[in-house]
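K.L.:
Would you mind keeping the following structure in view while I ask a few things?
Only the coordinates and a few stated rules stand behind these numbers; no lab work does. All of these numbers come straight from a predicted model, not from anything done at the bench. No Cβ is skipped: glycine too gets one built from the backbone with ideal geometry, and neighbour counts run over all protein chains shown.
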Amino acid sequence: MSQDAGSWSTYTRTMSESPSTTLLVIDVQNAVVDGAHDVEGVVARINSLIARARQDRVPVVFVQHSDEWMLPGEPGWQIVEDLDRDVNDPVVAKNYRDSFADTELEALLSELGTTRLIVTGAASDFCVNTTAHAALAKGFDVTLVRDAHTTGPLHLAGRDVDAEVIIDFVNEHFAYLTYPGRDVRAVNADHVEW
């Protein structure tokens with residue numbers, strides 16, 4: 001369940017000494033990662049980033065998707081149990097690929113004083129990619145964590161496309177992406193800097 005703005009105020013006060021960076025964990029939910037590439041490894045790397053973020057007082061924000069095939073409360077909608085989510089971590093509910101679209105994410109990030117997003121989650125080619133681009137358009141610097149997002153294979157234009165190829169494409173796209181006035185990076189989890 002999403003937190004309301006009142007509880008976010010408490011969260012932002014406790015993070016007031018943190019850097020202007022926020023770790024964003026997008027849609028790491030049972031149904032989203034079912035059949036995805038290297039889920040165990042991706043979750044482990046996200047957890048390592050979460051542990052570092054908590055140690056350095058960097059906010060961690062989770063995004064949780066719902067729609068007609070993934071309804072709130074159902075098992076597939078739940079955040080993956082192995083993910084290290086604290087009950088105090090904000091959870092932003094969304095219904096579109098863009099985590100900013102018709103959500104409270106931008107308001108929360110503004111309260112936190114965020115200028116840089118560290119992006120992780122699922123699915124690489126859908127919500128992760130869309131949200132990262134939206135963040136750039138909204139004025140945030142974006143670091144995509146190359147080995148901390150995942151997706152499943154696609155059947156596209158009569159061909160099967162492996163998940164690893166999709167992930168590599170998203171990573172290379174961000175590695176060479178430029179955006180006016182923004183710092184755009186694609187790095188592995190062990191090279192993330194707040």
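K.L.:
Take the eigenvalues of the Cα gyration tensor for the chain, scale each by 5, and report the square roots as semi-axes in whole Å, largest first.
P.N.:
The answer is 24, 20, 16 Å, longest axis first.
K.L.:
Further question on the same structure: If each DSSP helix of 4+ residues adds -39,500 (n - 2.57) and the sum is divided by the residues in the chain, what number results at 222 nm, nearest 500 deg cm²/dmol?
P.N.:
-9500 deg cm²/dmol
K.L.:
Ranking request for peptides 29-41, 63-75: highest mean number of other beta-carbon atoms within 10 Å first, then the rest in descending order.
P.N.:
Result, highest mean first: 29-41, 63-75.
K.L.:
Just the number, please: percent antiparallel of the DSSP beta bridges in the chain, rounded to the nearest 5.
P.N.:
Among the beta bridges of the chain, antiparallel pairing accounts for roughly 15 percent.
K.L.:
Work out from phi, with θ = phi - 60° and the Karplus expression 6.51 cos²θ - 1.76 cosθ + 1.60, the ³J(HN,Hα) of each residue of region 144-160, listed in order in whole Hz, and give x for Gly and Pro.
P.N.:
8, 8, 4, 9, 10, 9, 8, 7, x, x, 10, 9, 10, 6, x, 10, 8
K.L.:
Is the C-alpha gyration tensor of region 84-194 telling us rounded, prolate or oblate? Criteria: a/c under 1.5 is rounded; beyond that, a/b larger than b/c is prolate, otherwise oblate.
P.N.:
prolate
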